[in-house]
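Structure, as structure tokens:
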Amino acid sequence: MPEVIEAPHEIITRKGHICFGCEEIYPKGTKMEVHVNKEDGEIYRLYLCKHCLEHWDEPWLDAMYYVDEGLSQGELKTFCNEYKGRTCEECKSRG
Ligand SMILES: [Zn+2]
Ligand SMILES: [Zn+2]
């Protein structure tokens, strides 16, 4: 499990960032949530777009993976599209 270095917080990006949840690239000046974690001695930052944040704490997402393993980049969108009985037009349009 990664160690949390800074509590997730909202920022206005100063350069372009890829969203960890959906792998869309957002230009600078976008409001995103940043997560600063540490794993295997390395500090890294994850950025989440507004849309993925809406999914972040939803119960269906927990059902899609074992919490200990965590999510990989882009999986949030994939899971959103694959979860049975769930339709999210926004994630679908991102393919
Ligand atoms: Zn996203
Ligand atoms: Zn979605």
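What follows is calculated from the coordinates using simple rules that are stated; it is not laboratory data. Here the structure is a predicted model, which means the values were calculated and not measured. With ideal geometry, Cβ positions are generated from the backbone for all residues, glycine too; neighbour counts draw on all protein chains shown.
Straight distance only, please: which aspartates and glutamates reach the Cα of Lys31 with their own Cα at less than 12 Å, same-chain residues fewer than 8 apart left out?
The qualifying aspartates and glutamates are Glu10.
Can you run the Rg to Rh ratio on the chain? Use alpha carbon positions and the Kirkwood inverse-distance Rh.
0.96
Which is the longest run of the chain containing none of the chymotrypsin sites (Phe, Trp or Tyr not before Pro) found in DSSP loop states (not H, G, I, E, B) with at most 15 other C-beta atoms within 10 Å?
Here the longest run is 1-64.
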